[in-house]
Amino acid sequence: MSKLVCENLTKTYGDKTVLSKLNLTLESGRIYGLIGRNGAGKTTLLSIMSNQNPASAGRVTLDGENIWENRRALDRLCFSRELNISAESGLSGYSVKNYLKTAASYYAHWDQAMADRLVSLFGLTPKTKLGKLSKGMLSMVTVTVAMASKAEFTFLDEPVAGLDVVAREQFYKLLLEEYTETGRTFVVSTHIIEEAADVLEEVVILDKGRILRQQNTQELVDSARYVTGLREQVDGATEGLDCHHPEAIGRSKGVTVLLRDGEDIRPGFDVTVQPVNLQRIFVALCGEEAPV
Amino acid sequence: MNQRLTEDKSIYLQISQMIETDILRGILLEEERVPSTNELAKLYTINPATAAKGINLLVDAGILYKKRGIGMFVAAGAAEKIRSRRKQAFYEVRLSELLAEAQSLGITKEELIEQIQKEGRQK
């Protein structure tokens, strides 16, 4: 099994620290979700993990080899970034076809037949200039590059941004199809968490430049409870448990609990216990603490 | 297999329960192949590992069995097994919930029995 490992990654821009001594291990053959708030450092992390951006400190290794400027390691990695078509980037004049041609020359295992198939599946016109595409269509181009790169570790930054609900569903089915056929490893960052939750085997939560949590998605969701009731009852039922994001209105209180192995909500209290979805867990972990 | 997934319960449990329900309804027949984890993953847009967990639950319960290199099949007697297990769960879980709610509403045992008989006559 291959492993991509980040050790003590730190990235600073001037006096701003974006990543702070971050450690992360990604194993091959999984679909990972990278979630975090705006500015949490997701894109910076993905760009460092793919040699597109140097770390200020720390290193990234693939099966023990440092990936920095290492062609052999880079042939196994693909980070299909969100396309920036501003005037300075010079990309807006490229046609879809020429952009894909450039990508093809960059990726060692490029699959042109797959690129052609996705271009037609997404209804993209090869001759159209990138500058004329909508945000959703640009996402389709980046998804096409990511899939056709056939890279063993493929990173997708906000692949569904701007896509309509039908295209988003299409993307997740495509991702699963490619994953089940090839066993490639995917890291997908997204803000539309609930739609992606069932597809992600493991979720990595990034907060303020650190990994807040990395866990099997279903296990995390199964361990979460939302407990509500009279404040004293809720406090009693959740005493000693891993509580997050308490919210109170008058005498009532609600709190998100992440149960550790073997734990349960304490019995004997008059409270309502409900399941919590991944999106709510994320808010409980990364949202601003409400004053109670 | 065409039910929708909800957020109230673990996905793998829903997968195993949907397959069970399909066996009870005769949508999946005994000794017939069930969809593979990859097929289920694509159908429901879920991770194949989650689908596999649901399938394995049914293998452990003796409801599905594996034919090497071919896939998962519905075991003989699976429907009866599911029915008796659900019956037990009905008595142990649903009935006790019903009785607890009845008690908190002050419904007496006699009133409850009378209601059940009345419902039964209408059916």
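What's the longest bit of chain B with no exposed GluC sites (Glu not before Pro), using DSSP loop states and at most 13 other Cβ atoms within 10 Å as the test? Kindly include the intermediate steps, with their values, before the conclusion.
On the way: sites that count: B:31, B:32.
The segment B:33-123 is the longest one with no such site.
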- Query: Taking the Cα-to-Cβ direction at residue A:273 and at residue A:95 and moving 7 Å from each Cα, how far apart do the two end points lie in nm?
  - Reply: 6.3 nm
- Would you mind classifying segment A:220-286 by shape? Square roots of the alpha carbon gyration tensor eigenvalues, ordered a ≥ b ≥ c; an a/c under 1.5 is rounded, otherwise it is prolate if a/b is larger than b/c and oblate if not. oblate
- Of the trypsin sites (Lys or Arg not before Pro) in segment B:1-105, those whose Cβ has at most 14 other Cβ within 10 Å and which sit in DSSP loop: B:4, B:9, B:25, B:68
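Treating only the Cβ of Lys, Arg, Asp and Glu as charged (+1, +1, -1, -1), what charge dipole size does segment A:125-175 show about its Cα centre? Round to the nearest 20 debye. Don't jump to the answer; show the numbers that get you there.
Details: 7 positive and 5 negative charges, 64 e Å.
Magnitude of the dipole: close to 300 debye.
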- Looking at A:44, A:212, A:246, which one has the Cα that reaches farthest to the positive end of the dipole of the protein assembly as shown (charges on Cβ: Lys, Arg +1; Asp, Glu -1)? A:44
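Work out the length of the dipole vector of segment A:1-138 about its Cα centre, built from +1 on the beta-carbon of each Lys and Arg and -1 on the beta-carbon of each Asp and Glu, and round it to the nearest 20 debye. Let's see the in-between values first.
Working: 19 positive and 11 negative charges, 83 e Å.
Computed about the Cα centre, the dipole is about 400 debye.
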- Message: Can you tally the net charge around residue A:97? Count Lys and Arg as +1, Asp and Glu as -1, for every other residue whose Cβ sits under 12 Å from the Cβ of residue A:97.
- Response: +2
- Task: Would you mind ranking A:244, A:191, A:109 so that the residue whose beta carbon has the fewest other beta carbons within 10 Å leads the list?
- Result: A:109, A:191, A:244
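With a 10 Å Cβ neighbour count serving as the proxy for reagent exposure, in which order, fewest first, do A:99, A:106 appear? Write down the numbers at each step before the final one.
Values: A:99 19, A:106 12.
Lowest count first: A:106, A:99.
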- Item | Cβ-placed point charges (K, R +1; D, E -1), dipole of the protein assembly as shown about Cα centre in debye, nearest 20 | 1140 debye
- Message: Once you order the gyration tensor axes a ≥ b ≥ c over the Cα atoms, which shape class does segment B:79-122 get: rounded for a/c under 1.5, otherwise prolate or oblate by comparing a/b with b/c?
- Response: oblate
- Among A:151, A:40, A:167: highest mean-square fluctuation, GNM of chain A, C-alpha pairs under 10 Å: A:167
- GNM of chain A, Cα pairs under 10 angstrom: of A:125, A:185, A:144, the biggest fluctuation goes to A:125
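Around residue A:207, with a cut-off of 9 angstrom between Cβ atoms, what is the net charge of the other residues, counting Lys and Arg +1 and Asp and Glu -1? Please list the in-between numbers first.
On the way: positive: A:37, A:208, A:210, A:213; negative: none.
Spelling it out: positives minus negatives among the neighbours equals +4.
Which longest run of chain A has no exposed loop site in it, a site being GluC sites (Glu not before Pro) in a DSSP loop with at most 10 other beta carbons within 10 Å, and the site itself not part of the run? Write down the numbers at each step before the final one.
Details: sites that count: A:69, A:239, A:288, A:289.
Longest gap between qualifying sites, sites excluded: A:70-238.
Looking at chain A, identify the longest residue range that excludes and avoids all trypsin sites (Lys or Arg not before Pro) in DSSP loops having at most 12 other Cβ atoms within 10 Å.
Details: sites that count: A:127, A:251, A:260.
So the longest stretch without any such site is A:1-126.
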- Message: Helix-only estimate, please: 222 nm mean residue ellipticity of the protein assembly as shown, summing -39500 (n - 2.57) across DSSP H runs of length 4 or more and dividing by its residues, to the nearest 500.
- Response: -12000 deg cm²/dmol
- Message: Using the Karplus curve 6.51 cos²θ - 1.76 cosθ + 1.60 with θ = phi - 60°, what ³J(HN,Hα) values do you get for each residue of segment B:12-17, in whole Hz, with x for Gly and Pro?
- Response: 5, 5, 5, 4, 5, 5
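The numbers here are math on the coordinates, done by the rules we state, and not lab data. In this text the structure is predicted, and so the values were computed from the model without any measurement. Virtual Cβ from ideal backbone geometry, glycine too; neighbours counted across all protein chains shown.
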